[in-house]
Amino acid sequence: DNSVRSYETNMVSALESYSSALYDANGADSKNVGTDKSRVGGSSHGSTEILYRLHATRLKVIISAIRKSIGERHVAEREAIRIASLHWFDESNRSSPSAGTREKIWDILADIVGALTQCRIIEPLFHRAAYRVAQAFNWAPAFHDPDCDFSVGSMQAVPATKSYKIRGLNSGPCAESSAVVIGSLFEKRRAQLCSVWVTTSTTPPPFEVLNDSVRKYDTLRLKYIKAYIDNMVICSRKDKIDSLLSWAMSSSQDLPSFYESSALVKGGDPGRHSKQALLQGSGFISIVKRYANNALANIILSDLAVMKKNGVELEGEKLLTKDFKLAFILFQRLNSSCEDVVKFMRDRYQIREVAALCKCYISIAAGYRINESINIGEMDNNTLCSLLNAATLKAKQMFQRESKLRAIK
């Protein structure tokens, strides 16, 4: 229909523009007048920037196609193949004319990942390419089979006969391969939490000065941080999220968060942000801490669901105890009383940290039998407050007992 033809025409035109610009940029680079090597941000890499945009656009085209409903997908994939097959990074990846749809889509994916990986080889600080490769790996099970079980998501694997074609994609769960790539932006502690920098030339043009805002930078960082945390949740990597959270807790507070916290105490000094209430707040650090804290609670709840299904044996009891203590720490990081937390839940929304703490406590109190039927939202305020107080008391007793045992040893 007309909308499909219009989409294909526009995308082909965009890719042609990128391809033409890449040709010109490569020519300029060969004369040493292309890339400004003094600039290492994500959008000032000359020909590498254009190479990225060309192949990131191809990736978006094939992702859009496999996300269509079953009734529309066949036509959408054929259209995506036509669009994405116009410009190849490596012609050796081009499919044979007799190849089927799945094989053609996979060959296009392999070519795109090769191009994006090359961006990181040319410019190791090119963070957007890492983000897109991680995204491609997470979608790999759907590229292999669009009818795959999306409830399992990227924890599914693809056959080794396909994974070997794509650099960095292992034969295990695709999310694990994705975690390695996105994790490269978080391989060590940094003041800005992830390896993204704001960079400008010595004499930036007026437009760039206007566009170089803290809000834009924070939005970009949050995009990567949330993607990293989401990937770690899929892989159940509590340690990675906890490390990131500890970095955030000890980092300097951003100005928007500070001003907001200061306003809440009527212009006074709000103190260290690690001691401030985490229930609300719109600043960068507040959002990161809340997102990471919530993610850890979600992994705990996922652990409970698995134990409910598989039963709780000796290893399960150890995990449940460990999760209970972690849930207590997460609850403590809210820096709010039980009464304030319950009131906030009634006024706003459910808090996953509360659900994790209460469900772990109830399961342990029931003799390590998982009980997920408890609906926290249906409890009245007094009952929920009493449950939270009992859970925190139990956790404190556990920590005190462990402390005494360590002292004896």
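The values are calculated or read from the model by the stated rules, or taken from the named source; none is laboratory data. Just so you know, these numbers come straight off a predicted model, no measurement behind them. Don't worry about glycine lacking a Cβ; one is built from the backbone with ideal geometry, like all the others, and counts go over all protein chains shown. Surface areas here come from the heavy atoms of the whole protein model, side chains and all, with no ligands, DNA or RNA. Shrake-Rupley method; radii C 1.70, N 1.55, O 1.52, S 1.80 Å.
Cβ-Cβ under 7 Å, sequence separation 6+ or interchain: first residue in segment 330-343 and closer than 15 Å to residue 297 by Cβ, partner modelled with pLDDT of 90 or more and small (Gly, Ala, Ser). Which pairs? Short answer, once both residue conditions are applied: 330/297; 330/356. Mind listing whichever residues of segment 238-261 are part of a loop (DSSP other than H, G, I, E, B) and within 16 Å of residue 194 (Cβ to Cβ)? Selection gives 251, 252, 254. Entry remark, segment 305-321: residues being within 23 Å of residue 396 (Cα to Cα) and either hydrophobic (A, V, I, L, M, F, W, C) or in contact with a helix residue (DSSP H, G or I) (Cβ under 9 Å, 6 or more places away or on another chain) (or both) number 6 in total. Looking at the structure I just gave you, is residue 158 β-branched (Val, Ile, Thr), part of a loop (DSSP other than H, G, I, E, B), open to solvent by less than 30 Å² (accessible area, probe 1.4 Å) and within 18 Å of residue 234 (Cβ to Cβ)? Yes.
Could you count how many residues in segment 132-162 are within 13 Å of residue 112 (Cα to Cα) and among the β-branched types (Val, Ile, Thr)? Residues in segment 132-162 being within 13 Å of residue 112 (Cα to Cα) and among the β-branched types (Val, Ile, Thr): 1 in total. Tell me whether segment 94-111 contains one or more residues that are aromatic (Phe, Trp, Tyr), part of a loop (DSSP other than H, G, I, E, B), under 28 Å from residue 22 (Cβ atoms) and more than 23 Å from the chain's Cα centre (by Cα). No, there is no match, as no residue in segment 94-111 is aromatic (Phe, Trp, Tyr), part of a loop (DSSP other than H, G, I, E, B), under 28 Å from residue 22 (Cβ atoms) and more than 23 Å from the chain's Cα centre (by Cα). Being among the aromatic types (Phe, Trp, Tyr) and without any contact (Cβ under 8 Å) to a residue 60 or more places away in the chain is a property that holds for residue 88. When residue 279 is tested against (1) without any contact (Cβ under 8 Å) to a residue 60 or more places away in the chain; (2) touching a helix residue (DSSP H, G or I) at 6+ places or on another chain (Cβ under 6 Å), only condition (1) is not met.
Whenever a residue of segment 169-198 is within 25 Å of residue 107 (Cα to Cα) and without any contact (Cβ under 8 Å) to a residue 24 or more places away in the chain, its partners that are open to solvent by less than 10 Å² (accessible area, probe 1.4 Å) and outside any loop (DSSP other than H, G, I, E, B), lying with C-beta atoms within less than 8 angstrom and at least six residues away or across chains, give the pairs 170/163; 170/177; 171/163. The sole residue among 107, 90, 111 that is open to solvent by 30 Å² or more (accessible area, probe 1.4 Å) and more than 23 Å from residue 224 (Cα to Cα) is 90. Residues in segment 78-93 that are of a type outside the set (Gly, Ala, Ser), over 13 Å from residue 115 (Cα atoms) and touching a Lys or Arg at 6+ places or on another chain (Cβ under 8 Å): 81, 83. Kindly evaluate residue 140 against the criterion of being under 17 Å from the mean Cα position of the chain (by Cα), hydrophobic (A, V, I, L, M, F, W, C), more than 21 Å from residue 80 (Cβ to Cβ) and buried (at least 21 other Cβ atoms within 10 Å of the Cβ). No: the conditions fail for residue 140. Taking segment 121-137 as the range and being in a helix (DSSP H, G or I) and either surrounded by 22 or more Cβ atoms within 10 Å (Cβ to Cβ) or touching a residue at least 12 places away in the same chain (Cβ under 8 Å) (or both) as the test, the residues that pass are 122, 127, 128, 129, 130, 131, 132, 133, 134, 135, 136, 137. Annotation: residue 304 fulfils all but one of (1) over 21 Å from the mean Cα position of the chain (by Cα); (2) open to solvent by 30 Å² or more (accessible area, probe 1.4 Å); the unmet one is (2).
Here residue 282 meets each of (1) open to solvent by less than 20 Å² (accessible area, probe 1.4 Å); (2) of a type outside the set (Asp, Glu); (3) touching a Pro at 6+ places or on another chain (Cβ under 9 Å) with one exception, condition (1).
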